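Input: a single structure, listed below in structure tokens.
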Amino acid sequence: MSNKVWNDVDEYIIEKLIPDNQTLENVLIANKQAGLPKIDVSPTYGKLLYLLAKIKGAKQILEIGTLGGYSSIWLARALPEDGKLITLEINPEHAKVAEKNILDANCQNKVKVIVGKALESLHTLTESNQLFDLIFIDADKPNNPHYLELALRLAKSGSLIIADNVVRNGEVSDESNHDESVLGIRKMMDILSNDPRIESTAIQTVGLKGYDGFVLSVVK
Ligand SMILES: C[S@@+](CC[C@H](N)C(=O)[O-])C[C@H]1O[C@@H](n2cnc3c(N)ncnc32)[C@H](O)[C@@H]1O
């Protein structure tokens, strides 16, 4: 089984189940033109986020890691008219591209991009008494244990927490691998395995983005 098969099947799924996707394809084109790295979620993953937000009936969404706003727009599209998404991004250039993409996708009334270190923005949010129905963690992986702790403070009973890139080509279970990102994922997994406030699973994925996976958790 090769990456070619994974890619072909992803293309097949996109053609069948996500055919009318021009606005979001335009986001990827704009990101490429702006020189952003191609580390946004795949279309099938974006649609999964959208479906999870819909299933949850999310009205308040928090995203850690905006890039060009591709996943932000998928999530924002699942929100009701009065729903809101806050997305956190450290890089002002990324945030600028995201804001333009969010405007072009007509999601500007629902989405607020906060520029700065996510840890600082998250601490500020914890002081605002705002709680979120769905939190998507997709920024610098070494900080994942901290992001999870703060996400738990910003969640309520029944909230979903999703964390991306937790398999990393199988590196997560390779004990000889001490990469900072891998260590961050493992520390987050340790919290998830012991914390009585949350129930979780992790799913391995293959496709256009190679071999990876995500954590899906629900707050008790
Ligand atoms: C994987 S990308 C996000 C992809 C996006 N969620 C999507 O699927 O379209 C990670 C983003 O997190 C940002 N980032 C990295 N470290 C950060 C930090 N400490 N605080 C906030 N954002 C950070 C990066 O600049 C990058 O734009």
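Quick rundown of the values:
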| quantity | calculated |
| --- | --- |
| Karplus-derived HN-Hα couplings along segment 159-173 (A = 6.51, B = -1.76, C = 1.60, θ = phi - 60°), whole Hz, x at Gly and Pro | 5, 9, 10, 10, 10, 8, 6, 9, 9, 6, 6, x, 5, 4, 9 |
| Cross-link table K84/K117; K38/K156; K56/K100, entries beyond 24 Å C-alpha to C-alpha | K38/K156; K56/K100 |
| Alpha-carbon centroids, segment 56-112 and segment 197-220: separation in whole Å | 21 |
| Other-chain or far-sequence residues with amide H under 5 Å of E63's (modelled H) | I86, T87, L88, F136 |
| ³J(HN,Hα) computed for each position of segment 103-119 - Karplus, 6.51 cos²θ - 1.76 cosθ + 1.60, integer Hz, glycine/proline x | 5, 4, 8, 6, 10, 4, 6, 9, 10, 10, 9, 10, 8, x, 5, 4, 4 |
| Sites H178 and E149 - FRET efficiency at Förster radius 22 Å, r taken between beta-carbons, to 0.05 | 0.50 |
| Normalised contact order of the chain, rounded percent, pairs of Cα under 8 Å and 6 or more residues apart | 18 |
| Segment 90-188 - percent relative contact order, Cα under 8 Å, separation 6 or more | 26 |
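All of the numbers you see were taken from the coordinates with simple rules; none came from a lab. Only a predicted model underlies this, so the values are computations on that prediction, with no experimental measurement involved. Every residue, glycine among them, receives a Cβ derived from its backbone with ideal geometry; neighbour counts consider all protein chains shown.
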